[in-house]
């Protein structure tokens, strides 16, 4: 009898008594509320936004003075900001995953997620998240249960903590530390422990191989990455991220990447190293799907598996943020910030300055641009072998960064008012570097635009007819 | 502008009660975490769990440094010990362990020797802690310490700094020597010649 397959719909558990009443109530709410929610989705959305703003205003005017009297204001503020950072990271990771799938689809002549939620499958990640939460949480029998459960959080917490010291603007930072960059690097270096432990605790060959590759790769790439960062830091003379960012307020040509040839090359070295440290292709050996099943997260399922990806995307954003701040003008637009003074005073001028000249929006644009570049490279380049990865690090990038460090030291030594001839030469070279960078960015935009305008040809006529919004 | 300054001042003034309590809460959480991790290092028999307990201790110590305002020390603790040394330990275990679950089973004389060493160390530390007269009030912690530390390293303490760097260089050369590829064919050919 038990061997006869029973359809899932008939296996539904029947609840009785109080439980039954709760279940029927929930079902009734869903039956009535679901269609209503669907019908009035924009109203619900904007209503929620308005209610949230009103709640913040009420909190600021009514609750905060009380807290202030009780002496708990800072504590409550810190808790709120910590929760907000967690929310930001989660939403960011969710939308990066959706975006990555769309980019991957376009590059492979597909559409990517199109159904869930309506417009371009915008809620695909949300649905995936719900799926991950409701999936069975499996732990292999031979695994070290405690460490297996702990590992995802070890991989997730450090990149989230890094947001604590990552400035989004000159005053948009939770804790502006004197050693901000060192603090970020120390937290990013901790992420690997979670992955090593995950690979070990799963008690599987594939996971262990993935973890070992990750260990080799991240430890070796930390050295050229750190030394590549030293090059612009030597020019800036501080580790305080807000100070580094505000040094570059004078437009495109004052960005540290275009200061001299050495910082310009260091930008690319750091970018390659950051690809490797975030285990993005072509350095995605730790989770090489075609070789190691899923690499270090082979044995994970459900939400624990998703936590690894939250950590990965958070680390991608932090690494892109570091690149942006240290090399590419932080939260400043390519236009000099002084031009913004011409806009005058008032909140409208402030808002315009924030949008056009410098503000968190620009930081966000640049970070997302870097994340997009990561995605583009991931779906374009083939995976390297582990010996190629280590060869590239130890025999190419490491000597190169040493040359960059020494060259930059000499350059900056002579680039001073005491040597006017060399200082003038350095200025000219800086402008040349800026032009080269502009040409490279232009080429990037032309190639990306070519792909974008020809996307319908890539997708195919039948799909376009069936899905006119594609 | 004046309003915002006044608001900041009142904010700073309000930091006493709640922030003080939060600070002591942080201290107790971190201190208990560090001690529990240290006990775990001694008790746990699996080497990876030992390493994880060590991680808890190191990170909690870094947290204590941050709480004290020693940001540089905290960050260096995280980079060098938690992110570097510990990863190397875990990595070494993975490379060298034969079975997935290696466990410690110390013999009685090992335990006795350990106990004696620990007792002597504890007695020394207690002696020092109890005999020292501690300053009553903590001084102000400077916010910007990196530049000062760098100038000290390359100024007053240049010789120890360079000595340490030479030591590290020697270690690196030794590691490279140990890990060098052994080219047997060439040796044989030389011998034959």
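In whole Å and largest first, what semi-axes does the C-alpha gyration tensor of the protein assembly as shown yield when each eigenvalue is scaled by 5 and square-rooted?
40, 37, 33
Could you line up A:380, A:373 from fewest to most neighbouring Cβ atoms inside 10 Å?
Values: A:380 10, A:373 16.
Taking fewest neighbouring Cβ atoms as first place, the list is A:380, A:373.
In what sequence do B:159, A:173 fall when counting other Cβ within 10 Å, fewest first?
Lowest to highest Cβ neighbour count: B:159, A:173.
Need one value for A:176-184: mean number of C-beta atoms belonging to other chains within 10 Å of its residues' C-beta atoms.
Numbers: counts 1, 7, 9, 9, 3, 2, 8, 7, 1.
Whole-number average of other-chain Cβ neighbours for A:176-184 is 5.
For chain A, what relative contact order do you get, as a whole percent, if you take Cα pairs closer than 8 Å and at least 6 residues apart?
Relative contact order, chain A: 18 percent.
What percent do you get for the relative contact order of the range A:310-428 when only Cα pairs under 8 Å and 6+ apart count? Write down the numbers at each step before the final one.
Numbers: 58 pairs, mean separation 25.7, N = 119.
Taking the mean separation of contacting Cα pairs over the length of the range A:310-428, I get 22 percent.
If you line up the long axis of helix A:420-453 against the longest principal axis of chain A, both from Cα atoms, how many degrees apart are they, to the nearest 10?
30
So between residue A:291 and residue A:223, what do we pick up on full extension, going 0.36 nm a residue minus the alpha carbon distance? Don't skip to the answer; put the middle values down first.
Values: separation 68, 0.36 × 68 = 24.48 nm, distance 2.72 nm.
Roughly 21.8 nm would be gained on extension.
How high is the relative contact order of the range A:221-311, in percent, counting Cα pairs under 8 Å that sit 6 or more residues apart?
Working: 61 pairs, mean separation 21.3, N = 91.
This gives 23 percent for the range A:221-311.
Helix-only estimate, please: 222 nm mean residue ellipticity of the protein assembly as shown, summing -39500 (n - 2.57) across DSSP H runs of length 4 or more and dividing by its residues, to the nearest 500.
-23000 deg cm²/dmol, from helical runs alone.
Roughly how crowded by other chains is peptide A:63-69, in terms of the mean Cβ count from those chains within 10 Å of each of its Cβ atoms?
2
By count of other Cβ within 10 Å, fewest leading, how are A:284, A:142, A:387, A:128 ordered?
Least to most surrounded, the residues fall as A:387, A:142, A:128, A:284.
Taken together, the values in this text are just the output of simple stated rules run on the coordinates, not laboratory data. Since the model is a prediction, treat every value here as computed from it, not as a measurement. Note: ideal-geometry Cβ built from the backbone for every residue, glycine included; neighbour counts use all protein chains shown.
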